[in-house]
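Trainee: One structure, as structure tokens, below. Some questions next.
Nothing in this text is a laboratory measurement; each read-out follows from the coordinates by a stated rule. What you see is a predicted model, and the numbers here were worked out from it, not measured in a lab. Don't worry about glycine lacking a Cβ; one is built from the backbone with ideal geometry, like all the others, and counts go over all protein chains shown.
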Amino acid sequence: MTRRLRVGGVPEHFNLPWRLAIDDNAFSETGAAVTYADYPGGTGELTRALRDDELDLALVLTEGAVADILQHDRNRLVKTYVSSPLTWGIHVAASSDIKRIAAIRGKRIAISRYGSGSHLIAIVDAAERGWPTDDMTFVVVKSLDGARRALASRKAEVFLWERHMTQPLVDAGEFRRVGQREVPWPAFAVSARRQILGSHAEEIRAVLDVVARYAANLRRRKTAPSLIADTYGMRLADAKRWLRRVRWGIGYRRPTAALLRVVSALEAQQVIAIDHFDPDKVWHYL
């Protein structure tokens, strides 16, 4: 019997290989019927969907996935999806009085959800700057569009999001970028529900191998930059720059050193509290 695999990710350029594979019916060779859905709420929404059995696989920010597993123990990471680090833009409304990065200290921060990347990286950024993190104020906005409304109405004053996806808003004069934060670990990982790993590991690996092939071929595709720009509202120059720099996860090796850096950062920011970190508790080898 064909196994149905429900996959979710953010509606961003990183997940174009999944869309291309589905359009080409490339998963027919895997023994799995793959569906893909966008989750604009980001990693917090995706990890919740995994826990609630709405999804089988999710393409999630590494730090959010690790935090979710250590807090709930319902899912496991199975592959590094994007091995290059993510660069977060730190944004304010273009009309804001905030001109310098130092001025965001103590301001209300828009986040998609608690436990999302926009939440966790805001804490990481504040800690890296030596600012206190125990009195930070967050405003839940659910999505990028929610953040646009929150900054425009002054319900929130600061918003962190992947810089290429917000570049059109900066170019249009809606957001102003006052700084950025690059995190020292792989940007995205594949997280899976624990319940399906024992019985469907073979199909999952076959599906991920197909996606890896499409990701590797993306740079060789002459129309890829224009397709990325048109699909995700990016400037062609930004799409080309991103495509040159992005690195996809190869194979299924566990990035133990990177996971330790994630856990250390989450512990330092008091997002999680554990006595001992065992990488086997977050990673499942396919």
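Trainee: Go ahead and run the numbers for FRET between Thr87 and Ala216, Cβ-Cβ distance against an R0 of 35 Å, rounding to 0.05.
Mentor: 0.95
Trainee: In the Gaussian network model of the chain, springs joining C-alpha atoms below 10 Å, which of Gly64, Gly233, Gly198 carries the largest mean-square fluctuation?
Mentor: Gly198
Trainee: So how strong a dipole does the chain carry about its Cα centre when Lys and Arg Cβ are +1 and Asp and Glu Cβ are -1, to the nearest 20 debye?
Mentor: Magnitude of the dipole: close to 860 debye.
Trainee: Within the range 147-169, find all residues whose amide N lies under 19 Å from a label point positioned 7 Å from the Cα of Asp97 along Cα-to-beta-carbon.
Mentor: In the range 147-169, the label zone of Asp97 (backbone N under 19 Å from the point 7 Å along Cα→Cβ) covers 151-159.
Trainee: If you don't mind, another one. Determine one quarter of the surface area of the Cα convex hull of the range 150-286, which equals its mean projected area, and express it in nm² to one decimal.
Mentor: If I average the Cα hull's projected area over directions, I get 11.5 nm².
Trainee: A further question follows. Treating only the Cβ of Lys, Arg, Asp and Glu as charged (+1, +1, -1, -1), what charge dipole size does the range 24-95 show about its Cα centre? Round to the nearest 20 debye.
Mentor: Using only the charged Cβ atoms, the result is roughly 240 debye.
Trainee: Moving on to the next point. If one computes the Cα centroid of the range 48-125 and of the range 157-207, what distance in Å separates the two points?
Mentor: If you average the Cα positions of each part, the centres end up 8 Å apart.
Trainee: Pick from His276, His119, His200: which is most flexible by mean-square fluctuation in a GNM of the chain where alpha carbon atoms under 10 Å apart are linked?
Mentor: The residue with the greatest mean-square fluctuation here is His276.
Trainee: While we're on this one: Given contacts defined as C-alpha pairs under 8 Å and at least six residues apart, what's the relative contact order of the range 87-182, whole-number percent?
Mentor: For the range 87-182, the relative contact order is 50 percent.
Trainee: Right, here's the next one. According to the Kirkwood expression over distinct Cα-Cα pairs, how big is the hydrodynamic radius of the range 222-263, in Å?
Mentor: 12.4 Å
Trainee: Charges at C-beta only: +1 for Lys and Arg, -1 for Asp and Glu. How large is the resulting dipole of the range 87-182 about its Cα centre, in Debye rounded to 20?
Mentor: Once rounded to the nearest 20, the dipole reads 240 debye.
Trainee: Can you give me the Kirkwood hydrodynamic radius for the range 87-182, using every pair of distinct Cα atoms, in Å to one decimal?
Mentor: Value: 12.9 Å, from the Cα pair sum.
Trainee: Let me ask another. At R0 = 35 Å, how high is the FRET efficiency between Asp145 and Asp24 if r is their beta carbon distance? Nearest 0.05 is fine.
Mentor: With R0 = 35 Å, the Cβ-Cβ based efficiency is 0.70.
Trainee: While we're looking at this one, here's another question. Straight-line reach from Lys281: which lysines fall under 20 Å, measuring Cα to Cα and dropping same-chain residues less than 8 apart?
Mentor: List returned: Lys79.
Trainee: For the chain, just the Cα set please: Rg and Dmax, both in angstrom.
Mentor: Over the chain's Cα set, Rg and Dmax evaluate to 18.5, 60 Å.
Trainee: Looking at the chain only, what percent of DSSP beta bridges run antiparallel? Nearest 5 please.
Mentor: 60 percent
Trainee: Could you tell me what % of all Cα pairs in the range 1-113 have separations over 24 Å?
Mentor: 39 percent
Trainee: Order the peptides 141-149, 97-105 from the highest to the lowest mean number of other Cβ atoms within 10 Å of their residues.
Mentor: Result, highest mean Cβ count within 10 Å first: 141-149, 97-105.
Trainee: Summing -39500 (n - 2.57) over the DSSP H runs of n ≥ 4 in the chain and dividing by its residue number, what mean residue ellipticity at 222 nm do you reach, to the nearest 500 deg cm²/dmol?
Mentor: For the chain, the value works out to -12500 deg cm²/dmol.
Trainee: For Lys222, give me every one of the aspartates and glutamates with a C-alpha distance below 15 angstrom, ignoring sequence neighbours fewer than eight places off in its own chain.
Mentor: Asp230
Trainee: As an exercise, use a Förster radius of 22 Å and the Cβ-Cβ distance of Ser264 and Glu182 to find the FRET efficiency, rounded to the nearest 0.05.
Mentor: Result of the calculation: an efficiency of 0.85.
Trainee: Give the lysines reachable from Lys155 as a straight Cα distance under 16 Å; neighbours fewer than 8 places away on the same chain don't count.
Mentor: Filter leaves Lys107, Lys142.
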